[in-house]
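The values are calculated or read from the model by the stated rules, or taken from the named source; none is laboratory data. Quick caveat, the model's predicted, so the values are computed rather than measured. Cβ coordinates were reconstructed from backbone atoms using ideal geometry, including for glycine residues, and neighbour counts include every protein chain displayed. Side chains are part of the model used for accessible areas, which takes the heavy atoms of the whole protein and leaves out ligands, DNA and RNA. Shrake-Rupley method; radii C 1.70, N 1.55, O 1.52, S 1.80 Å.
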Amino acid sequence: MTPFENSKSSKKSSGRGEPMVWFTGMWLSFGMLMIIVLLSIIVKNGFSTFWPSPVLQIELVEGSEAGLRGSSKLAGDIRKEQIRTTASETGEAVPEIQLFIGNREAYNTGFRFVMESDIKSRDFPEGIMRAERLEYGDMIGYPARLELADGSTIKSTDDSFASTLHDIVKEGNKRRHEIEHIEKDQIGAINRSMESIKMKRRGWESEEDIPEKTQKEMEEKQAELQADYEELASEAKTLRELQSANTLHYLLPTDGERSVPTGSIVDYYYPNQLNLFQRTLRFFKRVGSFVKEDPREANTEGGIFPAIFGTFVMTLLMSVAVVPFGVLAAIYLREYAKQGPIVRSVRIAVNNLAGVPSIVFGVFGLGFFVYFMGGSIDSLFFSERLPTPTFGTGGVIWASLTLALMTVPVVIVSTEEALVAVPRGVREASLAAGASKWQTIQRIVLPASLPGIITGLILAMARGAGEVAPLMLVGVVKLAPTLPLDTIAPFIHLERKFMHLGFHIYDLGFQSPDSEAAKPMVFATTLLLIGLVIALNAFAIIIRERLRRKYKTSAF
Amino acid sequence: MTNTTAENTTEEAVETAPTTPEGAKLDYIKVEDFSFNYTPEVRVLDKITMDIPEKQVTSFIGPSGCGKTTLLRNFNRMNDLIPGITHEGTIHIDGQEIFDKKLEVISLRKRIRMIFQKANPFPKSIYENVVYSLRVAGRNNKALLDEVVETSLRGAALWDEVKDRLHDSALGLSGGQMQRLSIAHAIANQPEVLLMDEPCSALDPIATAKIEELICKLKNKFTVIIVTHNMQQATRVSDQTAYFYLGKMIEMNATQEIFRNPSCEETERYISGKFG
Ligand SMILES: Nc1ncnc2c1ncn2[C@@H]1O[C@H](COP(=O)(O)OP(=O)(O)OP(=O)(O)O)[C@@H](O)[C@H]1O
Ligand SMILES: [Mg+2]
């Protein structure tokens, strides 16, 4: 037999299993396909949120239902093109487009469906401007003139219009940050000092018990703080007034003139004048501000930084809690406990714990962590603040612990597997060297099973970071005024409520008044959550691979 | 010149009767009526009685499964780790009963070091492998450790090969080097007894020769017990030889005696290769 024939016959024999190969392969590709479709929908929608598409202006045929405010014109960027089957008996298929028309304060709606048959003409006017505002979402319109504080007016046709508008908006943004700084940081600090004095007062049984000197000191201090506060408040007020001193007047694409104080314009651009490069730049700028900024207008505008940060901090805290907990439990179960029916049933119970619905953990977290543990901490250490709870209400620490409890079975199971995989020979060699059992575990067994432990952590993080239901009970909020980590001592505020990407998605998509307007944000947030989970996992995987290389088991 | 003659005389002396260094005990390890079971049904060691002399090399030979490893593992109580074991009789090492409840197993294992059949270096650097027994004993003085690493590796005839890569992973060593590393690791913390379970079973002739040479050197300092399936090796390295068969110790004598004229027929058949 020639080698050629040989290979042919071997091919034939392996071909016997071929139907199963196809069958099993089919299911894998089916699964992969679903995942790819899901991911591409998220990626496409998530990214298109930030793409500055051109603004279409259409002229409607007379009597079209799509018209607004009696005008025959409509402008906006195309969000969707679809074919709708009408509800009538004939069930005609009607092609239509959905426009994002902005100017919510004028139109009371952000979107408009227009049937193709209603469109008389379309064009992309050069001069149309789109501005991101602090209120009422985006403005889409034609700039007319700037009315400045000193009473002068600059027409949009004037040469100085572009540069003046640019400077004013830039200045306004700067001032807004200043106001934020004053109100959030400086006034916040004063409030904290006030609060601490109030607490100090409450420390005494009654007002009369307070020594005269202290009483006087505290009063002086309070007066001082009050004065500081008034000064800052008036400063903020002046700045606020300046913010609305200049106004931009513009014409709506439909009809009429409107105005907006320049101080509430975050950013503006002419969508039909951009070339591809400028568009791309603007795209990245918007992605950047989405990631960096705080949310506005019931979370439907602005960025989601607090949610990213909250998710990140919570996941890290969860990891910090779940690893020692799970690893120690697994060590006892595998290394010290006498293997027998009891240990077996404990193991089964632990495995089944992974199947308990997460909301049940949420309920447990609320009852045990928040009310019992938090309540006890409050009555022991923060009794002067009661009845306002400090730890006795949802907070990032309780959320992390609840998720840690929920994911601990994953860590226990994978740690146990890793411990079992450490060869007996290495353990014996260590014991024979005069090491105690714990020394052996600590110096030999644990390092060798670290990659396996990290695998468990990865699985735990993937499950924990995306969880929403239990968090709603133990500390997630729609809008948190402060971050769980900041520059104010003690820097980590474990008791604070926090925002979370998963909850943010739920809140935007299903709780906001205008869910259509929030849809792009839902996709963008989803994309970010996936990105965050992938990033955390990638980080853990890199560490694991490093360790694997370091502790790879002997080839001998 | 004088050196050579001196060596010759020693060798001749070995030929006739095993020399015992001044003051060395002949019953350093004293096994009396020792029986051992893994499970209640099967008796793996049956009433073993033997004396193992100090600072000599004693080899255990016998067919596979006769209990050599089991006995060896009893000397440093490695069998404690196996659940369900039972034993009778006593083993004294240097006059001390090793199954004494008051005896600390850890300190026993420090004195009676075992080198396993399969080298199992720790996933650490060569350096850390050698000093492991010192580290677990809480001795972390850098200067001391450095010194121990060098003397132990020299003692195990490995120094020249690894001196430039002490901080590389021990897992990168060859099989023979790993075996010598485990010897270095075993002699690092000044043990009294070295238990070697088929230390050369996975090695080529050159590495085997190196280790045999090493064993001959080590016996000046330590009491060595070696399990081997290689009759030539037993004759080459050991002073005493014990033959085991089916859990019993059939015969023990000076190596030359056993191989020249064994008193039992079974021993003769085994060492002449007629069975096993
Ligand atoms: N952990 C154990 N549990 C139960 N039985 C065991 C165990 N270890 C060894 N045995 C049994 O004890 C007997 C003696 O084994 P031992 O390993 O001492 O033999 P050995 O003489 O070292 O053999 P070899 O030359 O093949 O290494 C064998 O029958 C073996 O099956
Ligand atoms: Mg053996």
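Inverting the mean 1/r over all pairs of different Cα atoms, compute the Kirkwood radius of the protein assembly as shown and quote it in Å.
About 35.1 Å, per the Kirkwood formula over Cα pairs.
Just read off the accessible area of B:H229 with the full protein assembly in place, 1.4 Å probe, to the nearest 10 Å².
Solvent-accessible area, nearest 10 Å²: 80 Å².
Could you put A:V420, B:V193 in order of accessible surface area, largest first, with the 1.4 Å probe and the full protein assembly present?
A:V420, B:V193
Near B:E212, within a Cβ-to-Cβ distance under 12 Å, what is the net charge of the other residues, with Lys and Arg +1 and Asp and Glu -1?
+4
Could you give the dipole magnitude of region A:56-127 about its Cα centre, charging the beta-carbon of Lys and Arg +1 and that of Asp and Glu -1, in debye to the nearest 20?
Dipole magnitude for region A:56-127 comes out near 260 debye.
So what J values fall out for region B:117-134 if you push phi through Karplus, 6.51 cos²θ - 1.76 cosθ + 1.60 with θ = phi - 60°, rounded to Hz, Gly and Pro as x?
Those phi angles translate into 4, 9, 5, 10, x, 6, x, 9, 6, 4, 3, 5, 4, 5, 8, 3, 5, 6 Hz.
Give me the Debye-computed log₁₀ of I(q)/I(0) at q = 0.13, 0.27 Å⁻¹ for region A:353-423, equal point scatterers on Cα only, no solvent, two decimals.
After summing over all Cα pairs, the log10 values are -0.49, -1.08.
Run through the DSSP bridge list for chain A and note the antiparallel percent, rounded to the nearest 5.
Counting DSSP beta bridges with both partners in chain A, the antiparallel share is about 100 percent.
Let me check the size of region A:56-127 from its C-alpha atoms; what are the radius of gyration and Dmax in Å?
My reading of the Cα-based Rg and Dmax gives 12.6, 44 Å.
Using the structure shown, list the pairs from A:K184/A:K519; B:K142/B:K217; A:K170/A:K292; A:K338/A:K437; A:K174/A:K285 with a Cα-Cα distance above 23 Å, or answer none.
Check vs 23 Å cut-off fails for A:K184/A:K519; B:K142/B:K217.
Anyone know which of B:G172, B:G138, B:G89 comes out most mobile in the 10 Å Cα GNM of chain B?
Of B:G172, B:G138, B:G89, the Gaussian network model singles out B:G138 as fluctuating most.
Which percent of the Cα-Cα distances in region A:454-556 go past 20 Å?
Summing the P(r) of region A:454-556 above 20 Å gives 56 percent of all pairs.
Using the Karplus equation 6.51 cos²θ - 1.76 cosθ + 1.60 (θ = phi - 60°), what ³J(HN,Hα) coupling, rounded to whole Hz, does each residue of region B:246-257 give in order, writing x for Gly and Pro?
With the stated coefficients, region B:246-257 comes to 6, x, 10, 8, 7, 7, 9, 6, 4, 3, 4, 4 Hz.
Under the rule of at least 5 residues apart or a separate chain, name every residue whose amide H is placed under 5 Å from the amide H of B:I250.
Excluding prolines and chain starts, which carry no amide H, the hits are B:Y243, B:F244, B:Y245.
At q = 0.17, 0.22, 0.28 Å⁻¹, what base-10 log of I(q)/I(0) does the Debye formula yield for region B:71-118 when every alpha carbon is treated as an equal point scatterer in vacuo?
-0.50, -0.84, -1.31
Can you list residues from other chains, or at least 5 along the same chain, whose modelled amide H is less than 5 Å from the amide H of A:D77?
It is A:L56, A:F100, by chain and number.
Taking 25 °C and 0.890 mPa s as the conditions, I'd like the Stokes-Einstein D for region A:309-500 in µm²/s, using the Kirkwood hydrodynamic radius from alpha carbon pairs.
Answer from the Stokes-Einstein relation: 136 µm²/s.
To the nearest 500 deg cm²/dmol, what mean residue ellipticity at 222 nm is calculated for chain B from DSSP H runs of n ≥ 4 alone, each contributing -39,500 (n - 2.57), summed and divided by the residues?
After summing the helix terms and dividing by residue count, I get -11000 deg cm²/dmol.
Under a point spin-label approximation (7 Å from Cα along Cα-to-Cβ), what is the B:D46-A:S117 distance to one decimal in nm?
So the two model labels end up 10.4 nm from each other.
With runs of 4+ DSSP H residues as the only contributors, calculate the mean residue ellipticity of chain A at 222 nm using -39,500 (n - 2.57) per run, divided by the residue total and rounded to the nearest 500.
Using -39500 (n - 2.57) per qualifying helix, the result is -18000 deg cm²/dmol.
How large is log10 I(q)/I(0) at q = 0.18, 0.22 Å⁻¹ when the Debye formula is applied to the Cα atoms of region A:145-274, each weighted equally and without solvent?
Log10 I(q)/I(0), no solvent term: -0.99, -1.23.
What net charge do the residues around A:K80 carry, taking every other residue with its C-beta under 14 Å from that of A:K80, with Lys and Arg at +1 and Asp and Glu at -1?
0
Note down the net charge around A:R334, summing +1 for each Lys or Arg and -1 for each Asp or Glu among other residues with Cβ under 15 Å from its Cβ.
+3
Treating the beta-carbon of each Lys and Arg as +1 and of each Asp and Glu as -1, no other charges, what is the dipole magnitude of region A:275-393 about its Cα centre, to the nearest 20 debye?
In debye, rounded to 20, region A:275-393 gives about 560.
Which of the listed residues, A:F491, A:F368, A:L457, is farthest toward the dipole's positive end in region A:309-500, when Lys, Arg count +1 and Asp, Glu count -1 at the beta-carbon?
Sorting the options by dipole projection puts first A:L457.
Long-range amide H contacts for A:N103: which residues qualify at under 5 Å (H placed 1.01 Å from N, peptide plane, sequence gap of 5 or more or a different chain)?
For A:N103, whose amide H was placed from the backbone, the distant partners under 5 Å are A:D138, A:M139, A:I140.
Please state, as a whole number in µm²/s, the translational diffusion coefficient that the Stokes-Einstein equation yields for chain B at 25 °C and 0.890 mPa s, with Rh defined as the Kirkwood radius across alpha carbon pairs.
Approximately 126 µm²/s, per Stokes-Einstein.
Could you tell me the center-to-center distance, by alpha carbons, between region B:175-245 and region A:352-404 in angstrom?
62
Rounded to the nearest whole Å³, what is the per residue volume of the convex hull around the Cα atoms of region B:137-276?
Per-residue hull volume (Cα only) is 133 Å³.
Please turn the phi angles of region A:391-406 into ³J(HN,Hα) values with the Karplus equation 6.51 cos²θ - 1.76 cosθ + 1.60 (θ = phi - 60°), one per residue in order, whole Hz, x for glycine and proline.
For region A:391-406, the Karplus curve yields 8, x, 9, x, x, 5, 5, 5, 5, 5, 5, 4, 5, 4, 5, 5 Hz.
Under a cut-off of 16 Å between alpha-carbon atoms, report the lysines in cross-link reach of B:K25, not counting same-chain residues fewer than 8 places apart.
Straight-distance partners of B:K25: B:K55, B:K219, B:K221.
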